[in-house]
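Just below is one structure, and these are the notes that go with it.
The values are calculated or read from the model by the stated rules, or taken from the named source; none is laboratory data. Note that the structure is a prediction, hence the values are computed from the model and not measured. Positions of Cβ are backbone-derived with ideal geometry, glycine not excepted, and every protein chain shown enters the neighbour counts. Areas reflect the complete protein model, heavy atoms only, side chains present, ligands, DNA and RNA absent. Shrake-Rupley method; radii C 1.70, N 1.55, O 1.52, S 1.80 Å.
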Amino acid sequence: MSAKIKTTDRAPRASSQGTSPQDWNLDGIVAGLRESREIRNNIRFRGRISELPDRASVSQVMEQISAALFPTHYGRADLTSDSMDYYVGSTLNGAFTVLAEQVRRGLMFSTDHDNDSDENIRQRASRIVREFGDLLPAIRDMLVSDLHAAFRGDPSATSLSEILVCFPGMAAVIHYRVAHALYRLGATLPARLITEIAHSNTGIDIHPAAEIGESFFIDHGTGVVVGQTAIIGDRVRLYQMVTLGAKSFPADENGALIKGIPRHPIVEDDVVIYSGATILGRITIGAGSVIGGNVWLTQSVPPGSNVTQAQMRNDCALLYDVCARKDDAQQD
């Protein structure tokens, strides 16, 4: 519902003592905002007030988890073999305590928990965090495979440590791997917040629901977009400004977008996609293919393909020629 915004011709009053709060009509403004918030445009989930996950707290959790995964890189440089386990355990204890609260808040916005008591939701949040903790060794193993892929794929990289502390693609992948695990366990809102923190910091937008195999490398990275239902195989390399997006958004009979259906590309193993490529729709990029820079692709390609701008222009020219001939034949 829209409303006309009224203005006033009355000039503000000056005061030698400065402007007093009464001059701003605060009572009227607060009342108007309350009416919008409570009556006209209540946007709260299920119409009730609930605490949202806190961005600063989630960011703190990510810093602590990163430090536990790579203690001397993201934690403390003075750690020794004797002190490292204690540091990791202490750091994770603090991280899990905060994370459990953020997961609890996120579950309040899930339709699956509409009829649950507060205590059941709290217990569910604790279970999610415990299960997530059990996954951390496997998450670290995946991240080390990503590290080695970055080292192999970038001739400018001088060490694995350089990649960890300097490469935005690695930072985004760390956030994604953690967020993906939480998303699969049901903590969807905190997971989305984690990847959005990485998006803000790196310019790389990976939805936590996307499925990405091992040895994943994003070079440079700014502008990369990986959509919710994208599936990426092992040993895939993306460059900056690559989009794995949706071609269309199907709607139901009421015109509302249908959510959750597969609409993003499948990228098989050992694919390289160069900068600026846009790949849209539920299509498959066959294993071992190379997609050139600035290619716009909306159809599947078989394994071992090499797709360039020149090929795309030739294909478009051929399609135009075929269509033109069909039009001529119909006119005849």
Computed FRET value (nearest 0.05) for Arg34 with Ile258, which takes r as the C-beta separation and R₀ as 45 Å = 0.80
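Looking at the square roots a ≥ b ≥ c of the eigenvalues of the Cα gyration tensor of the range 24-164, which shape do they give, rounded for a/c under 1.5, prolate if a/b is larger than b/c, or oblate? Don't jump to the answer; show the numbers that get you there.
Details: a/c = 2.60, a/b = 1.97, b/c = 1.32.
Prolate, since a/c reaches 1.5 and a/b exceeds b/c.
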Ranked by how many other beta carbons lie within 10 Å on average, peptides 186-193, 125-132 from highest = 186-193, 125-132
Estimated distance in nm for a label pair at Ser156 and Thr80, the labels positioned 7 Å out from Cα along Cα-to-Cβ = 3.8
State, to one decimal in nm, how far the label point of Arg130 lies from the label point of Ser300, with both points 7 Å from Cα in the Cβ direction.
-> 4.3
At 1.4 Å probe size, with no ligands or nucleic acids counted, give the accessible surface of Arg55 in Å², nearest ten.
-> 110
